[in-house]
Each structure stands twice: as structure tokens, then as C-alpha cells.
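Read the structure below first, then the notes.
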Amino acid sequence: MFKKILIANRGEIAVRIIRACHELGLEAVVIYSEVDRTSLHVQMADEAYLVGPPPPRESYLNIDRIIEIARKAGAEAIHPGYGFLAENPEFARRCEEEGIVFIGPNSKALQLVGDKIMARRTMEAAGIPIIPGMKAVGHDLAEYAQEARKIGYPVMIKASAGGGGKGMRIVFREEDLKPALEAGMREALAAFGDESVYLEKYIEEPRHVEFQVLADNYGNIVHLFERECSIQRRHQKLLEETPSPALTPELRQKMGETAKKVLKVAGYNNAGTVEFLLDKDKNFYFLEVNARLQVEHPVTELTTGIDLVHQQIKIAAGEKLTFKQEDIKQRGHAIEGRIYAEDPARGFLPSSGKILFYQEPKGPGVRVDSGVYAGWDVPIYYDPILAKLIIWGENREIACRRMIAALKDYIVLGIATTIPFLREVISHPEFMEGRTTTNFIPRYFADWSERVKEIDLRRLAQAAAAYMEMNRKPAYKAEGIGRPIRPSPWQILGRWRIGGGD
Ligand code: MV4
């Protein structure tokens, strides 16, 4: 087993991995950019090294600098987290070359699953159901038009060099194909440096179901059941849950076995997630492999009792899986809500600034994976995720109610967040009933704006918090007690609570 791991990431996932290192008795080394000097992950680590200026290219994406720091710190392994270099085959290869263990899949498997067309060809040859469509990029408009006619409209344009929706376009009529192809290729080039696109049959109103898989270096492979990405907004996942209300035990078993086969065929090791689309007739199709620890991994941990970061580190250290498929059970229901520094009332624009007041919900079945604290300045340079609220309940109904209550108790003042939006979504009857297809947001929340009452109250509380922060003197001295105390804005506001209730 390693003694010291470098975490090449920041924010909540870096904090999450530090915790896992400490639980395994390992030292955690972190990197930070100039704006992240006071970040929570820097405070919690055993060692911290300045990696560079704020722009990701000069810091968290700077492969040479990260390898140099790993060497200097004597880290035997690097955990990439998610985003940044997590699925970068070049980084995995460089680690392999430098004799530093990359905590993730081998670079060859990473290369394969990162090429969407190659992955489709490989999976189809192995008898895995793929979405009908092209298995090679086209050479000119005529070829794409011919392929689209073969597939049948509507068709989906997709980038071959990456997933996550970049370069994706839905085309309903032939006359719209050319402009959509040009736009999709431009976006693919900007996002992945590769303009290659291909066409698939557009699956209308699918459900987005993914299976967590663990594969050690000795051919042992298990799945840890599914997660449904129930609510997404423009490919940004907001809510994920497990189990999926749409799966029967038979379908779950079939998709789980297929997910294991996908990774076996790809020669994959470590943690990976196999994404499927499920159409309204319950046919499932392989979509892509996410070759990283995913943001939503905690819902799987809460329902299976298996710590995925521990498993990643153990597999990377050459340990065998200690459980078989039949040992893994799903228990209860878990839902994760992502807390972003974005303003849902202003089109989800990023909201930066100082967190003036920060209070996390607590109670049975409430987990918060956070990377922030009161007084911290949210930088503009990175993905605006602040934290994740993950709820476990013995069934979906209790989990939903617990999530709604927890979101009411989750107080962040000084910046706007997605908290009030999440609460409205989960309270919606269609969500409560489990009817969550990928166009839930466009259908029910297209022009959502926060209720005026909440805005007034929140602003009032922010004013109180800012006032106290500016004055930084005790609001009053309790009689007979030596130490002056400063109440929270909520104590000043008395019984008022944002979002209704008492
Ligand atoms: C699709 C699709 C429908 N038909 N492909 C691809 C990236 C992945 N993260 C989601 N993707 C989808 N691929 C075909 N042929 C629907 C999705 C999809 C989606 C698409 C648009 C907007 C939101 C979405 C949420 C989940 C899945």
C-alpha cells in the first residue's frame, strides 16, 4: 500500500479524497492555485504545494508541474478526482512512464473508451446493444445526409472525441442537417481539439441510467448497481438517485451484467461507470464509459456500504477485490443534489464572492460532501460546484422528504446557489412520482425564477451577515458571561425562514 498520495484536484472532491487517504492511514498531498491558497482542501491536507496561477491550464491541468510536485513530495500515486486530468490518457501515460501510479484505469483502456466511435465499434462487436447509427466519421455532407436517411430522422449529432453533450445537436429534418453539422463540429473542435462527429438515431425522452463498476488488476469485476441521473439541465446533472424507479430486478440484472462486459471488453481496471440510455419501451443502449470517480458516487456508497475511493486506492495499490457480485446488496434509496454557486433566478449565471454565512443540514441519513466554509471567496476560474447534499432513506418517499427538509436547513449567504431550485424540483409531483426523463427541466422549469419572498428574505439575511462581518464586533454581551457572543443572522431574523414553513 502507498504511504503518500497526491490529489491533482480541488474543491469538494479533493476534500473527499483527503478523508479517504486519512481513513486508510495515508498522507495526502495537495496542489493549489494562487486563488485556492485558503481553500478547505489546502487546510485539510498534510502537505500543500502551489501549482501555479489561477487559469486551469497553468494549474490543475499543468501535467509537468503536477508530476514535478509529486516527485518532490515523494508521492507514490496520484488521484485525479473528476474533471481536469481525470480522463486524460496523456496524463495517465506520463504517470506510468514516471513510475507514479495513476489511481484510475490504464492509459490504453482510457484511450479506447475516450474515442466514442471506437468504443461503439468495440461494444457492437461484443454483442452489446448500441444506439443505431454511424460507426465511423463521415467525409462530406453528402455522406452524412445519406447516413441520416438510413438511420431515419430525428438524428443526434455527437462528437467522437468526448461526451458530456459537447457538440451534440438534435436534427429533425434534412434541411437542418448542414448548419447543425457545422455548429456541432465547431463546438467539438473547441471542446476536444477534434472536430470529428457522427450520427445516431435520436432516442426520444430517454432515461439516463448508469452502472458503477469496479475491476481489479486480476480480472475480478463487479457492478455496484445503477444510478439514475434524474434531473439534468443542459447536460449539467443536478440530481442523481439510486435505485432507478424505472428498473425492474430483471432489467437491473441484465444491465449490470452488460456493464461488466463493457469494461471487460475494454480491458478496463479500477472504478468506471457505464452509461446507458433507456427508451420508453425499456430497451437499453450503451452510451459511453465515464473513466473516473463520478460526482454522484456517494449515492452508490450509501446504498451499498462500499467506499468507492477506498476501493480505487486499494485496486491501484495492487490489492484484489474482497467481495463477489453476490455479496453486494442495495439497501434503501439515496438521492444527491449538487449545490452550485449559480443563480437559478438569473439563468444559472455563476455567482462568485464571499460566503458570509454557511450552515449545513444535519440529521439521520444526511451527508454533505463540501469544499467550502464561511469566509471563503468563491473563485470564478473553476466549475462552480460548492458541495453535494446526499440523502439516504429506507425508501424513495422518505428520501425525498428528508432531502426537502435538509435543503431548507442548508443556509449559504453571500452568494446565490441552486438550493432553492433543487427544493422546488424535488417537491414537484412529477419528481415525487418518479417520472423523470431527460427533458424534465425544459418541460416543468423552463422559466423558473425564485419566489420574490425568498429573494427578499435572503437579501435581508445577507445584509445582516454583511453588516456583522463589516463591523466584526459582538452584537451584544450576554449578562454575567465573560466571552461576548455574536448570534447568526438567523438568530437576528428570529422565526423567519426562507421557503415557507413555520
Ligand atoms: C443521446 C440522447 C438521445 N439520443 N443520444 C449524450 C451525452 C450524455 N451525457 C447524454 N447524452 C444523450 N445522448 C441519442 N442518440 C440523450 C442524451 C441525454 C441528453 C441529451 C440532451 C439533453 C440532456 C440529456 C440528458 C441525458 C441524456
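The values are calculated or read from the model by the stated rules, or taken from the named source; none is laboratory data. Values in this document were obtained by computation on a predicted structure and should not be read as measured data. Neighbour counts run over all protein chains shown; Cβ positions are idealised from the backbone, glycine included. These area figures cover heavy atoms from the full protein model, side chains too; ligands, DNA and RNA do not enter into them. Shrake-Rupley method; radii C 1.70, N 1.55, O 1.52, S 1.80 Å.
If I go through the stretch 248-278 residue by residue, how many of them are outside any helix (DSSP H, G or I) and either of a type in the set (Lys, Arg) or within 16 Å of the ligand (Cβ to nearest atom) (or both)?
Summing the residues that are outside any helix (DSSP H, G or I) and either of a type in the set (Lys, Arg) or within 16 Å of the ligand (Cβ to nearest atom) (or both) in the stretch 248-278 gives 7.
Does residue 320 fit the bill of being open to solvent by 40 Å² or more (accessible area, probe 1.4 Å), at pLDDT below 95 and in a loop (DSSP other than H, G, I, E, B)?
When the stated conditions are applied, residue 320 does not pass them.
Report the residue count in the stretch 215-228 for those that are in a strand (DSSP E or B) and out of contact with any Phe, Trp or Tyr (no Cβ under 9 Å at 6 or more places or on another chain).
Qualifying residue count for the region: 1.
Output the number of the condition that residue 3 fails; it satisfies all remaining conditions of (1) buried (at least 17 other Cβ atoms within 10 Å of the Cβ); (2) over 12 Å from residue 371 (Cβ atoms).
Residue 3 satisfies all of (1) buried (at least 17 other Cβ atoms within 10 Å of the Cβ); (2) over 12 Å from residue 371 (Cβ atoms) except (1).
Inside the stretch 194-225, can you point out the residues that are open to solvent by 60 Å² or more (accessible area, probe 1.4 Å) and more than 16 Å from the ligand (Cβ to nearest atom)?
Of everything in the stretch 194-225, those that are open to solvent by 60 Å² or more (accessible area, probe 1.4 Å) and more than 16 Å from the ligand (Cβ to nearest atom) turn out to be 195, 217, 218.
Do you know which residues across the stretch 183-193 are surrounded by fewer than 19 Cβ atoms within 10 Å (Cβ to Cβ) and of a type in the set (Gly, Ala, Ser)?
183, 190, 191, 193, listed by residue number.
Taking the stated definitions as given, is residue 284 away from the ligand (no atom under 12 Å from the Cβ) and within 27 Å of residue 332 (Cβ to Cβ)?
In short, yes.
Just a yes or no: is a residue in the stretch 228-237 more than 16 Å from the ligand (Cβ to nearest atom) and either open to solvent by 40 Å² or more (accessible area, probe 1.4 Å) or without any contact (Cβ under 8 Å) to a residue 24 or more places away in the chain (or both)?
Among the residues of the stretch 228-237, not one is more than 16 Å from the ligand (Cβ to nearest atom) and either open to solvent by 40 Å² or more (accessible area, probe 1.4 Å) or without any contact (Cβ under 8 Å) to a residue 24 or more places away in the chain (or both), which makes the answer no.
Looking for something in a helix (DSSP H, G or I), closer than 23 Å to residue 368 by Cα, among the small types (Gly, Ala, Ser) and outside the structural domain of residue 377 (by TED's automatic domain parsing) - is there at least one such residue anywhere in the stretch 44-57?
no
Of the residues 399, 374, 405, which is assigned by TED's automatic domain parsing to the domain that holds residue 347, open to solvent by 30 Å² or more (accessible area, probe 1.4 Å), touching a strand residue (DSSP E or B) at 6+ places or on another chain (Cβ under 6 Å) and not in a strand (DSSP E or B)?
From the options 399, 374, 405, the qualifying one is 374.
Working only within the stretch 170-207, note down all residues that are farther than 22 Å from residue 439 by Cβ, assigned to a loop (DSSP other than H, G, I, E, B) and of a type in the set (A, V, I, L, M, F, W, C).
Across the stretch 170-207, there are no qualifying residues.
State which residue is nearest to the ligand (Cβ to nearest atom) when the search covers only the stretch 153-182 and only residues that are among the small types (Gly, Ala, Ser) and open to solvent by less than 20 Å² (accessible area, probe 1.4 Å).
If we take residues in the stretch 153-182 being among the small types (Gly, Ala, Ser) and open to solvent by less than 20 Å² (accessible area, probe 1.4 Å), then 165 is nearest to the ligand (Cβ to nearest atom).
Quick check on the stretch 132-145. Is at least one of its residues without any contact (Cβ under 8 Å) to a residue 60 or more places away in the chain and either under 30 Å from residue 238 (Cα atoms) or within 12 Å of the ligand (Cβ to nearest atom) (or both)?
Checked the stretch 132-145: no residue is without any contact (Cβ under 8 Å) to a residue 60 or more places away in the chain and either under 30 Å from residue 238 (Cα atoms) or within 12 Å of the ligand (Cβ to nearest atom) (or both).
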